[in-house]
1. Distance in nm between label sites at D3 and L122, each 7 Å beyond Cα in the beta-carbon direction?
2. Sum up the charges of everything whose Cβ sits under 12 Å from the Cβ of M246, counting Lys and Arg as +1 and Asp and Glu as -1, but leave M246 out.
3. Rounding to the nearest 20 debye, state how big the charge dipole of the chain is about its Cα centre with +1 on each Lys and Arg Cβ and -1 on each Asp and Glu Cβ.
4. Using a 10 Å Cβ count of at most 13 others and DSSP loop calls, identify the longest part of the chain lacking such trypsin sites (Lys or Arg not before Pro).
5. For the pairs K221/K288; K45/K160; K160/K236; K178/K295; K156/K292; K76/K236, note any where the Cα-Cα span goes beyond 29 Å.
6. Using the Cβ atoms and a cut-off under 13 Å, what net charge is assigned to the surroundings of Y80, where Lys and Arg are +1 and Asp and Glu are -1?
7. How far is it, in nm, from the label point at R205 to the one at E29 when both lie 7 Å from their Cα along the line to the Cβ?
8. Where the convex hull is taken over the Cα atoms of the stretch 52-145, what is its projected area averaged over directions, in nm²?
Amino acid sequence: MADIRTNIAGLAMKNPVMTASGTFGYGMEFADVVNLEEIGGIIVKGTTLHPREGNDYPRMAETASGMLNCVGLQNKGVDYFCQNIYPEIKDLKTNVIVNVSGSSPEDYAECARRIDELENILAIELNISCPNVKQGGMAFGVTCEGARTVVEAVRKAYHKTLIVKLSPNVTSIADIAKAVEDAGADAVSLINTLMGMAIDIERRRPKLSISTGGLSGPAVKPVAVRCVWQVAKAVKIPVVGLGGIMNAEDAIEFLMAGASAIEIGTANFIDPSVSEKVAQGVNDWLDKHGCKSVKEIIGVI
């Protein structure tokens, strides 16, 4: 068998497959159908400093080769996570990573500080694509200065592996990646969803309650692969690739484009055991092609 171990800024992973935030709950919901310890990591649903109700329904809509969502980061807050969720997942023998969101640099930093105290959580993924309430609704992650401000604040409060999740809804994702690298990010993950919209032509209204939402699924994969390829050439820190990965072949594209690991999102809704299958599929592909290690194909393009 090939060696499919990888490493994200000191975070040792038994294989390069992780589950994307918002598509895998807190992990335990999938324990009956997936051997959680056979995947490289689980990124739990978005966590904020204070509880959030999320957006009104409907907040999901199927599209051609994908889906739209505007869930709105519904969660019970970081204190609930620390007190009620963490005890259930802390002993899983895989990497458990918390996706952190906020509405101000101070919110992000305080949420990260509380998670920093959890011994068995070795990394966070910082979602900087949230509305910036102090800047008229603009997302932090669409400007270099906004991204830098949040990462700098979190870096002062958080001392473990810091992965920053990047938005594709920008002019140059490579510039944003370099900005967060300079601000102290240990790694970047990309892409977050593309902004999209769908209309119910019979009812003459948007299919989502807030009109627009994030597009994910196979439709976004070519954009995601391009972004990963560009960012991997622009930064020295590790890159985690995601966006439309449905099988091992898709995952290998991202690895060849420069990703050291990948995340699977929308595919979890179609096949809850897909992450385990992709990890095995990557191993089988490497064996078939005479590769002794996954590192032989990372960034070969």
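1. 1.7 nm
2. Cβ neighbours under 12 Å give a net charge of -2.
3. 620 debye
4. The answer is 94-202.
5. Beyond 29 Å between Cα atoms: K156/K292; K76/K236.
6. Here the count lands on +2.
7. 2.6 nm
8. The number I arrive at for the stretch 52-145 is 8.2 nm².
Read-outs throughout are calculated quantities, based only on the coordinates presented, and are distinct from any laboratory measurement. For clarity, every value in this text was computed on a predicted model and none was experimentally measured. Cβ coordinates were reconstructed from backbone atoms using ideal geometry, including for glycine residues, and neighbour counts include every protein chain displayed.
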